[in-house]
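Heads up, the thing below is written out as structure tokens.
The values are calculated or read from the model by the stated rules, or taken from the named source; none is laboratory data. Source: prediction; values computed, not measured. Cβ atoms come from the backbone with ideal geometry, glycine included; neighbour counts cover every protein chain shown.
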Amino acid sequence: MIRIDFCGAVGEVTGSGYLVQTDAATVLVDFGAFQGGPGARERSRELGPVRPDRLDAVVLSHAHIDHSGRLPLLMAAGYAGQLHATPATLDLAALLLADQGRILEGDLVRENRRRQRAGQPRLEPPFTLADVERVKASGRPLAYGQRRQIAPGISLRLGEAGHILGSASVELCIADGGTSRVLVFSGDIGPCGAPILRDPQRPALADLVVMESTYGDRERPSAASTVQRLREILHEAVRNRARVVIPAFAVGRTQLLLFHMAAAIREAGLPSIPVYLDSPMATAATLVYMHHQELYDAELGELVHSGQLRHDLQMLKVAESVAESRALNEHEGPCVIISAAGMCEAGRVVHHLRHTLWRENAHVILSGYMAPGTLGRALADGAGMVEIFGEEIAVRATVHHLSGFSAHAGQAELLDWLSEVAPQAPRIVLTHGDDPARHALCERIRERYGLPAECPQPGETLLLG
């Protein structure tokens with residue numbers, strides 16, 4: 001009997017984690033942090049049903065914190081096994097987890113100062129940067145398509161997921177009680193035809209499919225129309241000598257935007273405009289992208305081979321120091337500033353918004369989903385005034401919300417991803433989606449393939465005989 005416990009991302013889009021147990025072995029697939037919503041910080045400090053001392057192996061589908069953020073907790077609790085993932089995922093996870101650790105340390109220092117003034121006991125960190133280093137040291141890279149025995153009776157193979165660099169769908173082949181079962185965990189599935197990355201690989205064999213459903217109830221806006229709108233904004237900025245500020249996630253979104261800006265200059269007759277990358281994390285992640293050129297799709301591979309990519313990158317200027325970042329606020333003339341964080345809640349981009357939002361001759365491009373309660377969401381909803389560092393700032397800049405840059409597949413592409421395995425009638429379980437998205441995708445799977453799909457609830461256990 002195979003048992004699967006859901007450690008998060010059921011009825012929500014963060015906290016992904018799946019504990020797979022047989023009579024002979026225990027494997028954990030992903031262990032992400034919870035982001036947004038009530039109690040997210042407290043939930044991100046909990047191990048749930050996971051017993052680190054009983055784990056034989058951990059598998060990571062990709063580096064995003066909602067899939068990797070609780071891995072240091074395992075190390076702090078004594079896990080001494082291996083972490084299996086693609087080489088690019090291990091490189092990016094090392095960056096993101098170290099950044100998360102530094103933010104946690106800084107937040108804890110401020111919180112303990114407040115508690116000290118209030119006569120309250122100090123809080124201890126759930127993990128330290130030393131635990132982050134242990135995650136890095138535990139990594140064992142596995143290339144796409146290769147199979148590896150990771151625990152008694154369990155072998156692993158990773159397939160391209162097309163979401164971010166190195167992202168993978170996870171296939172576990174499990175020998176249990178004289179039978180063999182194939183379990184597929186989709187990870188986050190990317191869109192087809194997106195630049196930089198190859199298209200997602202569809203599973204061909206499975207007894208059980210655990211599938212994400214982020215866009216299960218809708219389609220992504222057209223990529224072509226989104227790129228065209230970006231080009232129009234850039235042309236307008238050049239004509240009016242305007243500043244453009246783009247809050248962007250450091251991994252995936254930043255690299256995609258740089259690709260499209262280079263293409264706009266190369267193909268759309270856009271006069272050269274200074275593009276500043278002002279995010280140490282995004283800069284480091286971009287270097288990882290450049291290091292793993294073996295993962296590029298055919299289009300970007302040709303740009304590398306021809307030397308065009310190197311030429312295109314000459315448009316990019318990197319603001320490395322805090323002083324260089326501050327100097328951008330005094331920049332005269334048209335320019336583009338790409339800076340983290342994506343939802344405008346932290347990082348250098350908040351300072352740029354403080355110096356930009358009140359300008360009538362300026363643009364702000366929101367390039368993805370903005371969670372409720374964030375500064376980005378307030379801007380997306382058309383707020384006329386916002387508060388930044390305790391100061392009221394008038395919003396006179398033109399705010400654009402271009403959600404077509406999402407790295408998630410839309411409903412139709414999610415259904416297509418199942419097309420090769422559906423004739424085998426696998427058991428289908430929908431996770432990593434809000435309940436409306438999960439239920440809508442469940443209905444569409446029934447209509448197209450005649451298969452039921454399950455929507456587990458928090459704390460629920462699945463048994464597979």
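Results for (1) more than 28 Å from GLY162 (Cα to Cα); (2) outside any helix (DSSP H, G or I); (3) of a type outside the set (Val, Ile, Thr), shown as yes or no for each residue.
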{"residue": "LEU73", "(1), (2), (3)": "no, no, yes"}
{"residue": "ALA80", "(1), (2), (3)": "yes, yes, yes"}
{"residue": "LEU92", "(1), (2), (3)": "no, no, yes"}
{"residue": "LEU97", "(1), (2), (3)": "no, no, yes"}
{"residue": "GLY101", "(1), (2), (3)": "no, no, yes"}
{"residue": "LEU123", "(1), (2), (3)": "yes, yes, yes"}
{"residue": "PHE127", "(1), (2), (3)": "yes, yes, yes"}
{"residue": "VAL132", "(1), (2), (3)": "no, no, no"}
{"residue": "ALA137", "(1), (2), (3)": "no, no, yes"}
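Taken over segment 350-379, residues that are of a type in the set (Gly, Ala, Ser), touching a strand residue (DSSP E or B) at 6+ places or on another chain (Cβ under 7 Å) and over 21 Å from GLY252 (Cα atoms) amount to 2. Against the conditions (1) modelled with pLDDT of 95 or more; (2) within 17 Å of the chain's Cα centre (by Cα), ALA206 satisfies every one except (2).
Residues being loosely packed, with under 15 Cβ neighbours inside 10 Å and more than 28 Å from the chain's Cα centre (by Cα) are represented in segment 318-325 by at least one member. Just give me the residues in segment 12-54 being of a type in the set (Gly, Ala, Ser), crowded, with 18+ Cβ neighbours inside 10 Å and not in a loop (DSSP other than H, G, I, E, B), in sequence order. Of everything in segment 12-54, just one residue is of a type in the set (Gly, Ala, Ser), crowded, with 18+ Cβ neighbours inside 10 Å and not in a loop (DSSP other than H, G, I, E, B), namely GLY17.
For segment 360-385, a residue qualifies if it is among the charged types (D, E, K, R) and in contact (Cβ under 8 Å) with a residue 24 or more places away in the chain, and the qualifying residues are GLU360, ARG377.
So the check is Cβ under 6 Å with 6+ separation or different chains; which pairs have a first residue in segment 204-215 that's on the phi < 0 side of the Ramachandran plot and in the same structural domain as GLU460 (by TED's automatic domain parsing) and a second one that's in a loop (DSSP other than H, G, I, E, B) and acidic (Asp, Glu)? Once the first residue is on the phi < 0 side of the Ramachandran plot and in the same structural domain as GLU460 (by TED's automatic domain parsing) and sits in segment 204-215, its partners that are in a loop (DSSP other than H, G, I, E, B) and acidic (Asp, Glu) give ALA204/GLU420; GLU212/ASP188. Considering segment 441-465, the residues that are at pLDDT below 95 and of a type in the set (Gly, Ala, Ser) include one that is surrounded by the most Cβ atoms within 10 Å (Cβ to Cβ), namely GLY459. None of LEU60, LEU74, LEU142, LEU92 is surrounded by 21 or more Cβ atoms within 10 Å (Cβ to Cβ) and farther than 20 Å from PHE34 by Cα except LEU142.
Applying the set (1) surrounded by 17 or more Cβ atoms within 10 Å (Cβ to Cβ); (2) small (Gly, Ala, Ser); (3) touching a helix residue (DSSP H, G or I) at 6+ places or on another chain (Cβ under 7 Å) to GLY190 leaves exactly one unmet item: (3). Taking the stated definitions as given, is ALA412 assigned by TED's automatic domain parsing to the domain that holds ILE103, surrounded by fewer than 17 Cβ atoms within 10 Å (Cβ to Cβ) and either free of Cβ contacts under 8 Å to residues at least 24 places away in the same chain or not in a loop (DSSP other than H, G, I, E, B) (or both)? Yes, satisfied. LEU258 passes every criterion in (1) under 30 Å from LEU462 (Cβ atoms); (2) under 22 Å from the mean Cα position of the chain (by Cα) apart from (1). Number of residues in segment 417-440 that are outside any loop (DSSP other than H, G, I, E, B), modelled with pLDDT of 95 or more and under 12 Å from MET211 (Cβ atoms) equals 8. The C-beta contact set for segment 184-199 (first residue modelled with pLDDT of 95 or more, second residue of a type in the set (Gly, Ala, Ser) and part of a strand (DSSP E or B), distance under 7 angstrom, 6+ apart or interchain) comprises VAL184/SER169; PHE185/SER169; SER186/SER169; GLY187/ALA168; GLY187/SER169.
Checking ASN361 against (1) surrounded by fewer than 17 Cβ atoms within 10 Å (Cβ to Cβ); (2) modelled with pLDDT under 85: exactly one of these is not met. Which one? (2) is the only condition that ASN361 fails.
Just one of (1) surrounded by 16 or more Cβ atoms within 10 Å (Cβ to Cβ); (2) under 15 Å from PRO195 (Cβ atoms); (3) within 23 Å of the chain's Cα centre (by Cα); (4) without any contact (Cβ under 8 Å) to a residue 60 or more places away in the chain fails for TYR289. It is (4).
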